[in-house]
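Okay, structure first, notes after.
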Amino acid sequence: MSTQENAPPRGLQIAIDGPAASGKGTVARAVAAALGYTYVDTGTLYRAVAFQAARAGIDLEDEVALSRLAAELPVRLHWDGVRLAVLLDEQDVSSAIRAESVGQGASKVATLPGVRQALLDLQQRLGQAGGVVMDGRDIGSVVMPDAELKIYLDASLEERAQRRLLELQRRGIEATFEQLCREVAARDAQDSGRAVAPLRVLPDSWRLDTTGMNPEQVLQAVLEEARTRGAQELV
Ligand code: DC
């Protein structure tokens with residue numbers, strides 16, 4: 001039972017939007033774990049569409065085929081409180097869909113209105129019960145427009161490329177800082193410049209520039225803001 005009048009017992013809807021490599025996933029996971037909320041990474045759905053399309057040999061320009069594929073996508077997200085598993089046809093593709101090529105493909109299929117529409121219902125169902133942290137590009141604007149907290153998470157291009165470089169190095173994947181700067185900038189342009197549901201700062205966005213902040217500092221800043229809006233740990 002909630003003790004604060006403004007705290008819905010079901011838990012808040014927390015939307016986190018921001019550009020590629022801004023650290024949304026890291027902070028969203030940590031916030032969900034701290035509050036006992038569910039975590040939904042909507043980028044995995046667009047990645048799963050691009051991944052499945054590549055497997056099926058579908059052209060990334062073929063909107064009709066991609067929309068049908070998205071509508072029938074046999075995808076399941078499983079959050080165990082620490083890790084989010086992405087299952088396609090019950091096969092764990094969580095690591096495979098993190099490849100940069102899949103991210104580029106996801107950004108491309110995400111420009112197609114038919115694909116976005118096909119994935120919207122699923123995302124809204126995952127968020128409707130509250131007690132959820134959902135990250136993506138259009139969560140506060142389209143998927144959960146009534147979210148109690150809409151965060152726009154940002155960081156400089158150089159810092160985002162540097163974070164991506166460290167992540168890839170940890171996974172033993174070779175890349176250069178210059179190459180990542182170019183890739184991240186290209187993705188920014190595609191995600192913010194598209195006609196349908198572009199990434200943008202909303203009038204009611206709570207903006208956090210994480211340049212120079214470590215993950216723990218970002219987590220504490222977000223938790224503090226969430227608590228001022230009535231978030232409490234769910235047990
Ligand atoms: O967050 P990410 O890098 O995993 O997302 C992959 C791509 O999917 C991203 O470049 C744009 C797209 N995307 C989107 O358009 N809307 C969302 N809510 C989430 C992701």
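Stretched out fully, how many nm does the piece from Asp80 to Arg125 gain, at 0.36 nm a residue minus the Cα gap?
14.4 nm
Need the full-extension length gain, Gln117 to Glu167, defined as separation in residues times 0.36 nm minus the C-alpha distance. One decimal, nm.
Once the chain is fully extended between Gln117 and Glu167, it gains 14.9 nm.
Mean residue ellipticity at 222 nm from the helices of the chain, using -39,500 (n - 2.57) per DSSP H segment of n ≥ 4 over the full residue count, to the nearest 500 deg cm²/dmol? Intermediate values should be presented prior to the final figure.
Numbers: 8 runs with 105 residues, N = 235.
After summing the helix terms and dividing by residue count, I get -14000 deg cm²/dmol.
Skipping prolines and chain starts, which residues have an amide H placed within reach, meaning under 5 Å, of the one on Trp206, given they are 5 or more residues away or on another chain?
It is Lys150, Ile151, Tyr152, by chain and number.
Do any GluC sites (Glu not before Pro) in segment 152-186 lie in a DSSP loop with no more than 10 other beta carbon atoms within 10 Å, and if so, which?
Glu174
Ranked highest first by average number of other Cβ atoms within 10 Å, how do 43-54, 28-39 line up?
43-54, 28-39
Compute the Cα gyration tensor for segment 69-224, then decide on rounded, prolate or oblate, letting a ≥ b ≥ c be the square roots of its eigenvalues: rounded whenever a/c is under 1.5, prolate when a/b is larger than b/c in the other cases, and oblate in all that remain.
Rounded, since a/c falls under 1.5.
Let me make sure I get this right: for segment 118-201, a, b and c are the square roots of the gyration tensor eigenvalues over alpha carbons, sorted descending. Under 1.5 in a/c it's rounded, otherwise prolate if a/b > b/c, else oblate. Which is it?
It is prolate, given that a/c is not under 1.5 and a/b is the larger ratio.
Give me the distance in nm between label points sitting 7 Å out from Cα along the Cα-to-Cβ direction at Arg68 and Ala189, one decimal.
3.3
Can you pull out the GluC sites (Glu not before Pro) in segment 10-112 that DSSP calls coil and that have at most 12 other Cβ atoms within 10 Å? Intermediate results must be reported in sequence, preceding the final value.
On the way: sites: Glu61, Glu63, Glu72, Glu90, Glu100; in loops: Glu61, Glu72, Glu90.
Sparse-neighbourhood loop GluC sites (Glu not before Pro): Glu61, Glu72, Glu90.
Contour minus end-to-end for Arg10 and Glu100, with contour as 0.36 nm per residue of separation and end-to-end as the Cα-Cα distance?
28.8 nm
Rounded, prolate or oblate: pick one for segment 1-144, where a ≥ b ≥ c are the square roots of the eigenvalues of its C-alpha gyration tensor, a/c under 1.5 means rounded, and failing that, prolate if a/b is larger than b/c, else oblate.
It comes out prolate by the Cα gyration axes.
Per residue of segment 205-220, in order, report the coupling 6.51 cos²θ - 1.76 cosθ + 1.60 (Karplus, θ = phi - 60°) as ³J(HN,Hα) in whole Hz, putting x for Gly and Pro.
Values, residue by residue: 6, 9, 8, 9, 8, 9, 4, x, 9, 8, x, 5, 5, 5, 4, 5 Hz.
Net charge near Arg207, counting Lys/Arg +1 and Asp/Glu -1 over other residues with Cβ under 14 Å of its Cβ?
Around Arg207, the surrounding residues sum to -2.
Please give the peptides 196-203, 12-19, 222-229 ranked by average Cβ packing (other Cβ atoms within 10 Å per residue), highest first, as a rough proxy for protection. It would help to have the intermediate numbers written out before the result.
Details: 196-203: 14.8, 12-19: 26.4, 222-229: 16.2.
Top of the packing list down: 12-19, 222-229, 196-203.
Where a number appears in this text, it was derived from the coordinates with a stated rule and is not lab data. Just so you know, these numbers come straight off a predicted model, no measurement behind them. Please note: Cβ atoms are built from the backbone with ideal geometry, for glycine as well, and neighbour counts cover all protein chains shown.
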